[in-house]
Every structure is written in structure tokens, then in C-alpha cells.
């Protein structure tokens, strides 16, 4: 048993039915507070995690904040 991150789990779920040949999978996971990326290869049903990384200070909340700041700035210009 192993603990894996969400993009790795998504890539494995995506590739469960892909048994033939070699495939490269790149998964982006933009969560509420984090952004994670995983690169996997599937070769004849064998999964290998090539790389995984993430940023715990970048996520959906950060995008929401920037959009809100943008519209506040526009509103202030018009008033």
C-alpha cells in the first residue's frame, strides 16, 4: 500500500484501461489552495511516476482573490 497525491491517482485512473503501448500522461490539479502536477508513463500496463511537484501557495482561492482585486480596481476607476 502506498499514499499517492491526487494528480497521480487521476493519471492511474485514466490509464487503467490503456494496456497496450507506451503513453505519457501529464496531470494538472488546481485545487482550492494548491496546484499539483504529475508526469507518468504507462508502458504495457505498468505505471511509472516520472515526476511530481506542487505549490502549496497557488490555487483556486488565489485566482479568486486576483479576479476580485481586478474588478475592485476597475470599479474604483469608474467612480
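Just so you know, all these numbers are worked out from the coordinates, no wet-lab data involved. Please read these numbers as outputs of a predicted model, since none were measured by experiment. Please note: Cβ atoms are built from the backbone with ideal geometry, for glycine as well, and neighbour counts cover all protein chains shown.
Measure nothing fancy, just the Cα-based angle from helix 60-78's long axis to the longest principal axis of the chain, in degrees from 0 to 90, nearest 10. The angle comes out near 20 degrees. Once the chain from residue 3 to residue 37 is taken as fully extended at 0.36 nm per residue, the excess over their C-alpha distance is 10.6 nm.
Rg/Rh, computed from the Cα trace of region 6-78 with Rh as the Kirkwood radius, has the value 1.26. Once the Cα atoms are used to define both axes, helix 6-15 deviates from the longest principal axis of the chain by about 50 degrees.
Determine which residues of region 41-58 fall in the zone a paramagnetic label at residue 18 would reach in this model, i.e. backbone nitrogen under 18 Å from the point 7 Å along Cα→Cβ. Counting backbone N atoms under 18 Å from the label point, the list is 41-53.
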